[in-house]
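Here it is, the structure in full.
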Amino acid sequence: MNMTFDFEESAARAAADAPALPEPPAATRKRIALVAHDHKKQDLLEWARFNRDLLAQHELYATGTTGRLLSESLETPVVRLQSGPLGGDQQIGALIAAGKLDLLVFFWDPLSPQPHDPDVKALLRIAVVWNIPVACDRATADYVISSPLMSELYERQMPDYSQHTERLEGRSAALQLLPKHTA
């Protein structure tokens, strides 16, 4: 069983199956990840249906079952990733780190333990690291989706992590000067 996932192929398939919708200018089209835990899927679906016309103007990504449910309910293309516990949360995080997502709408369940809690925490952390807006509940999602910035070009401030990424360069040179041990 082949478990590899091709983002471009999935996006092309989703786009080919979608009804023709008016496209907003590319500069204002956002890439939105939609994720929901099991007990929050219905809430996310209701929210997405209410905001269908706005969401359809953007590029949508979702994990597992949530992606299928959204695609069917909204009748719009959704790039479907793995289920969250099977690596979907990490795939969303990788897209954020690669600069390929603009917004994360993640209706997570604060009252139910999740087997992939470390992945959930990592996803929320990476969104903050890369300055991606995150909506974890319906009220916040309403505020974000209705923001004028959703239909405008927005250049988010990119954090400068050069000190962090270059912190070991000096150590690397110093380690080369150390005498080599022989056995």
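The values are calculated or read from the model by the stated rules, or taken from the named source; none is laboratory data. These figures come from a predicted structure and were not determined experimentally. Glycine also receives a Cβ, built like all others from the backbone with ideal geometry; neighbour counts cover every protein chain displayed. Please note that ligands, DNA and RNA were not included when accessible areas were found on the heavy atoms of the full protein model with its side chains. Shrake-Rupley method; radii C 1.70, N 1.55, O 1.52, S 1.80 Å.
So, counting K/R as plus one and D/E as minus one, what does the shell of residues with Cβ under 13 Å around residue 89 add up to?
The answer is 0.
Once amide H atoms are built 1.01 Å from N in the peptide plane, which residues 5 or more positions from residue 135, or in another chain, come under 5 Å H to H?
Those lying under 5 Å, H to H, from residue 135 are 104, 105, 106.
When the Kirkwood radius is taken over all Cα pairs of the stretch 42-82, what Stokes-Einstein diffusion coefficient follows at 4 °C and 1.567 mPa s, in µm²/s?
131 µm²/s
Give, as a single signed number, the net charge of other residues whose beta carbon lies under 14 Å from the beta carbon of residue 154, with Lys and Arg counted +1 and Asp and Glu -1.
Neighbour charge sum, excluding residue 154 itself: +1.
Read phi for every residue in the stretch 38-49 and hand back ³J(HN,Hα) as whole Hz from Karplus 6.51 cos²θ - 1.76 cosθ + 1.60, θ = phi - 60°, with x for Gly and Pro.
3, 6, 10, 4, 4, 4, 5, 4, 4, 4, 5, 4
Please list the non-local residues whose amide H lies under 5 Å from the amide H of residue 61, H modeled 1.01 Å from N, same-chain partners needing a gap of 5 or more.
Here 32, 33, 34, 79 satisfy the definition.
OK, next. Relative to a virtual label point 7 Å from the Cα of residue 112 in the Cα→beta-carbon direction, which members of the stretch 35-59 show backbone nitrogen distances below 13 Å?
Flagged as within label range: 36-44.
Which order do the peptides 56-67, 131-142, 34-45 come out in when sorted by mean C-beta neighbours inside 10 angstrom, highest first?
Per-residue Cβ counts within 10 Å, averaged per peptide and sorted highest first, yield 56-67, 34-45, 131-142.
Would you mind getting the accessible area per residue of the stretch 36-110, heavy atoms of the protein chains only, 1.4 Å probe, in Å²?
42 Å²
Related question: Under a Cβ-only charge scheme (Lys and Arg +1, Asp and Glu -1), can you give me the dipole magnitude of the stretch 40-95 about the Cα centre, in debye to the nearest 20?
Roughly 120 debye, rounded to the nearest 20.
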